[in-house]
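Data block below; observations after.
The values are calculated or read from the model by the stated rules, or taken from the named source; none is laboratory data. Please read all numbers here as calculations on a predicted model, not as lab measurements. Cβ sites come from the backbone with ideal geometry, for glycine too, and all protein chains shown count toward neighbours.
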Amino acid sequence: MLSKAAREETPEERLLPLKGKRSADAVLVHEVFTSIQGESTFAGRPCTFVRTTGCHLRCVYCDTAHAFHQGSERTVASLVDEVAALGVPLVEVTGGEPLLQASSKALLTALCDAGRTVLLETSGAVTTEGVDARVHVILDVKTPGSGEAGRNVDANLPRLVAGRDEVKLVLCDEGDYRFARQLLTSGRIPSGVTVLLSAAAPLLAPAELAEWMVRDRLVARFQLQVHKVLWGDRHGV
Ligand code: SF4
């Protein structure tokens, strides 16, 4: 769970690391590592992660607060080279919130150009307009329980493409489940886009979520965070 200090940071303090960037073309990156993809329909595949620094949100269950401030400026070319050297065809650009940096879009395009299968995990609180059409967008729609539902950019939903993009909802309680169910039946998510539901630890038991989904015959995919099952809250795995 997110610390009180992190939650109480002002909007200016949250964006401070990005304001200090020396080059607009560089990407402020917290870490690059290879692990097992833990979420999405790509779960279970080895994947290289490029985790960018900084996020303007403060979801109550956030487990990546370590990426809020620390990072180093990297050129797009050096990141593409590092990803290539790690030797995994699947790469995810995640955060933090990657789309707070315009240079992240150039990185996504360069990774596609280099022949990678590229995933973008984004909070849904920044427009996805202008993201390379080859990128698989995993749109992490915020629920009321996250504390950040008011930040969802509604225009991101109709941009999703079936067979390419996915919606992810992390649920904190039954109210969040009802929110997700309503979204699923609202027609606001393009037909055929996979919707993934997971339980926010330790707020909601995964088995309870699974039972609700079966009860309601929900057309969505239940997911466990595979990397957490394997390694708990360790960073960089
Ligand atoms: S959007 Fe992601 S990185 Fe940002 S606070 Fe929420 S969970 Fe954490």
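Go through the range 181-237 residue by residue and tally those that are polar (S, T, N, Q), surrounded by 13 or more Cβ atoms within 10 Å (Cβ to Cβ) and more than 19 Å from Glu121 (Cα to Cα).
Applying the first criterion (polar (S, T, N, Q)) to the range 181-237 yields 182, 185-186, 191, 194, 198, 223, 225.
Now narrow it down to the ones that are surrounded by 13 or more Cβ atoms within 10 Å (Cβ to Cβ): 194, 198, 223, 225.
Now drop any that are not more than 19 Å from Glu121 (Cα to Cα), which leaves none.
So the answer is 0.
Considering the range 93-113 alone, what residues qualify as being within 16 Å of the ligand (Cβ to nearest atom) and touching a Lys or Arg at 6+ places or on another chain (Cβ under 9 Å)?
Hits for the range 93-113 are Val93, Thr94, Gly95, Gly96, Pro98, Leu99, Gln101.
Does the range 16-27 include one or more residues that are in contact with a His (Cβ under 6 Å, 6 or more places away or on another chain) and either touching a residue at least 40 places away in the same chain (Cβ under 8 Å) or at positive phi (or both)? Spell out the reasoning first.
From the range 16-27, those in contact with a His (Cβ under 6 Å, 6 or more places away or on another chain) are 17; that's our starting set.
Then drop every residue that is not either touching a residue at least 40 places away in the same chain (Cβ under 8 Å) or at positive phi (or both), which leaves 17.
Within the range 16-27, one or more residues are in contact with a His (Cβ under 6 Å, 6 or more places away or on another chain) and either touching a residue at least 40 places away in the same chain (Cβ under 8 Å) or at positive phi (or both).
Go through Leu79, Leu86, Leu100 for me and flag whichever is within 28 Å of Asn152 (Cβ to Cβ) and of a type in the set (A, V, I, L, M, F, W, C).
Numbers: Leu79 fails: within 28 Å of Asn152 (Cβ to Cβ); Leu86 fails: within 28 Å of Asn152 (Cβ to Cβ).
That would be Leu100, the only listed residue that is within 28 Å of Asn152 (Cβ to Cβ) and of a type in the set (A, V, I, L, M, F, W, C).
Condition first: away from the ligand (no atom under 13 Å from the Cβ), farther than 20 Å from Glu13 by Cβ and loosely packed, with under 15 Cβ neighbours inside 10 Å. Can you find one or more residues in the range 57-70 that meet it?
Going through the range 57-70, the residues away from the ligand (no atom under 13 Å from the Cβ) turn out to be 70.
Within this subset, residues satisfying the condition of being farther than 20 Å from Glu13 by Cβ are none.
No, because not a single residue in the range 57-70 is away from the ligand (no atom under 13 Å from the Cβ), farther than 20 Å from Glu13 by Cβ and loosely packed, with under 15 Cβ neighbours inside 10 Å.
Any idea which residue in the range 35-56 is nearest to the ligand (Cβ to nearest atom), counting only those that are polar (S, T, N, Q) and not in a loop (DSSP other than H, G, I, E, B)? Let's see the steps before the verdict.
Within the range 35-56, the first condition is being polar (S, T, N, Q), and the residues that meet it are 35, 37, 40-41, 48, 52-53.
Filter once more, so that each one left must be not in a loop (DSSP other than H, G, I, E, B): 35, 48, 52.
Values: Ser35: 17, Thr48: 19, Thr52: 10 Å.
Of everything passing the filter in the range 35-56, Thr52 is nearest to the ligand (Cβ to nearest atom).
Read through the list (1) aliphatic (A, V, I, L, M); (2) at pLDDT below 95; (3) under 19 Å from the mean Cα position of the chain (by Cα), then give the number of the only condition that Val91 fails.
(2)
Report, by residue number, each residue of the range 122-142 that is in contact with an Asp or Glu (Cβ under 7 Å, 6 or more places away or on another chain), more than 11 Å from the ligand (Cβ to nearest atom) and of a type in the set (Val, Ile, Thr).
Of everything in the range 122-142, those that are in contact with an Asp or Glu (Cβ under 7 Å, 6 or more places away or on another chain), more than 11 Å from the ligand (Cβ to nearest atom) and of a type in the set (Val, Ile, Thr) turn out to be Val137, Ile138.
Please state which one of Leu79, Leu111, Leu99, Leu120 is surrounded by 16 or more Cβ atoms within 10 Å (Cβ to Cβ) and not in a helix (DSSP H, G or I).
Numbers: Leu79 fails: not in a helix (DSSP H, G or I); Leu111 fails: not in a helix (DSSP H, G or I); Leu99 fails: not in a helix (DSSP H, G or I).
Just one listed residue meets the conditions, Leu120.
Looking at Gly54, Gly130, Gly44, Gly115, which is the one that is at pLDDT below 95 and of a type outside the set (Asp, Glu)? Steps first, please.
Details: Gly54 fails: at pLDDT below 95; Gly130 fails: at pLDDT below 95; Gly115 fails: at pLDDT below 95.
One residue alone meets the criteria, Gly44.
Any residue at all in the range 143-160 that's over 17 Å from the mean Cα position of the chain (by Cα), among the β-branched types (Val, Ile, Thr) and surrounded by fewer than 20 Cβ atoms within 10 Å (Cβ to Cβ)?
No, the conditions are met nowhere in the range 143-160.
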